[in-house]
């Protein structure tokens, strides 16, 4: 039976203080495994990727703790299962 590797992908919506939105976007974009997908006014949509739910939660917590962030809420999570060839 082949091994299975899981890859987790989630989206989140981040709400910022309007005057801090650009700064927060830059900070998020600099994080590993996180991409700013869209931003308008003081709302930012991000995509977070990682090896497990815990890693996604850690990144979302880091985002939530940034200065200027009002809320950071996960909206969706998907898990891809990839077969890993035995060596």
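We did not get these values from a lab; they are worked out from the coordinates using the rules stated. For clarity, every value in this text was computed on a predicted model and none was experimentally measured. Glycine also receives a Cβ, built like all others from the backbone with ideal geometry; neighbour counts cover every protein chain displayed.
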For 78, 7, what's the fewest-to-most ordering of other Cβ within 10 Å of each Cβ?
-> 78, 7
Using the Cα gyration tensor of the chain, with a ≥ b ≥ c the square roots of its eigenvalues, what is the shape: rounded (a/c below 1.5), prolate (a/b larger than b/c) or oblate (neither)?
-> prolate
Taking neighbour counts of Cβ atoms within 10 Å as a proxy for exposure, in what order, fewest first, do 63, 28 appear?
-> 63, 28
Angle, helix 53-64 long axis vs. longest principal axis of the chain, Cα atoms, 0 to 90°, nearest 10?
-> 10
What does the helix-only formula give at 222 nm for the chain: each DSSP H stretch with n ≥ 4 adding -39500 (n - 2.57), the total divided by the residues, and the result rounded to the nearest 500 deg cm²/dmol?
-> -7000 deg cm²/dmol
